[in-house]
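Quick notes on the structure that follows.
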Amino acid sequence: MERIKTRLRHLVKPRPNTDAMAEILDLIAPPLYVYTISYVVYFGYAYLIDYHYGNSKPEDTTAPLPRIWYFQKCFSLLIYIQMMANWIGIRFVNTSTNQNFTEGVRDRMKWNIDPILESNGFQKDKLKAETSENGTVNRKKSNTKLSEEAIETSKPIIKKQTYWSWKPCFYCRLNAPPRCHHCSFCETCILKRDHHCFFAGRCIGFHNQRHFVVFLMWASFGTTYAMIHFVPYLYNIVLLEITGWDCFLPVAMYKLVTGQLSLYYANLVISFTLNLFFIFLSTAFLLEQFQLISEGITQFEQTKVDKRKLHILDPRPFGPKVKAVLGSQPLFTIVFPLAHWFYLPCDDPFMWPYHKITHTKIKTK
Ligand SMILES: [Zn+2]
Ligand SMILES: [Zn+2]
């Protein structure tokens, strides 16, 4: 209950570095995904497989089911398991800085901002006072978070540092490695942060990017597979009952509200539209991920880093770049989501030994 209240409060007062639209998306995207996947399973896999491949004489219950029916049922179950398992992987595999790292890493991540703050004229006493004041408001989080004012004051200090360096996170109070960024939705720092995935409600980072890529492969394939079953059914059965215009979402919604279309057909149209949307979305994201992996960069670096100031190069061939994301056995990872436990991504999320970074100074008049 408290969680729901907090989420609703965020709609009125968005968290730092976000806006109301993003907060709304963060709230509605996961249920939208669950709705779409339920539809894909119910219509695309269960109902329509019976329609397309089931017994040609439904009245004869003793007739054996064709072999293709069994094959399609098993195949669709595999797609469903893959999509759900990798979605769970995205959501629950920890890619944040709240993990048990080795002692060396833990030491480097220790909050060591005081010298930087002092050299920028920031008063340590003020910092402490603000922290304890926060502590009286929220005792649980005392000494872990700084006040908004302190964070705002510190932002220019962080901006002065180069992108590819260890940087302090004022929200988590730790020293974060290169490519690690704070996410306001996840409320933690994410190793090799790619982007925040609204449909899973989690950030994509070093440890779960593999699940994201594999999920996209199966989602792109699975939604197309469901659509292949859906279109003939729509054409042969549904269009006998409703008109072609009713298949457009706004028309269907209008007719549902005015009582001219039944809930069953309205649900079909919503599901069909969402499925179409997810085909484009998952395929576009998949192609983007391929491009990012082949360049050895993250979505964050592609969109937020000024390429005139910083050039990031991963000189490794394509194979090792794939292994840096999918683990040492990429094919195994694609088929078995649990490969996560056995084959780690072949890269170092703290030191990044392979990347070559060039800082370019722009000449200004
Ligand atoms: Zn942080
Ligand atoms: Zn996030």
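The values are calculated or read from the model by the stated rules, or taken from the named source; none is laboratory data. As the structure is a computational prediction, the values presented were derived from the model and not from experiment. Because the Cβ atoms are built from the backbone with ideal geometry, glycine has one as well, and the counts that use them run over all protein chains shown.
Computed quantities for the displayed model
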item	result
Single residue of P16, P30 found to be more than 21 Å from L268 (Cβ to Cβ) and at pLDDT 80 or above	P30
Pair list, Cβ under 6 Å, 6 or more apart: the range 183-200 residue farther than 24 Å from C346 by Cβ and in the same structural domain as W166 (by TED's automatic domain parsing), other residue more than 8 Å from ligand 2 (Cβ to nearest atom) and of a type in the set (K, R)	S184/R15
Test: residue in the range 52-60 that is surrounded by 13 or more Cβ atoms within 10 Å (Cβ to Cβ) and in a helix (DSSP H, G or I)	yes
Complete set of residues in the range 89-101 that are assigned to a helix (DSSP H, G or I) and touching a helix residue (DSSP H, G or I) at 6+ places or on another chain (Cβ under 8 Å)	G89, I90
Residues of the range 181-215 that turn out to be of a type in the set (D, E, K, R), at negative phi and either surrounded by fewer than 21 Cβ atoms within 10 Å (Cβ to Cβ) or more than 14 Å from ligand 1 (Cβ to nearest atom) (or both), as a count	3
The range 1-21 - residue that is assigned to a helix (DSSP H, G or I) and in contact (Cβ under 8 Å) with a residue 12 or more places away in the chain and, of those, surrounded by the most Cβ atoms within 10 Å (Cβ to Cβ)	H10
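So that you can scan it fast, the table gives a plain yes or no per residue for (1) within 22 Å of G205 (Cα to Cα); (2) under 27 Å from the mean Cα position of the chain (by Cα):
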position: M21; (1), (2): no, yes
position: P30; (1), (2): yes, yes
position: Y45; (1), (2): no, yes
position: I68; (1), (2): no, no
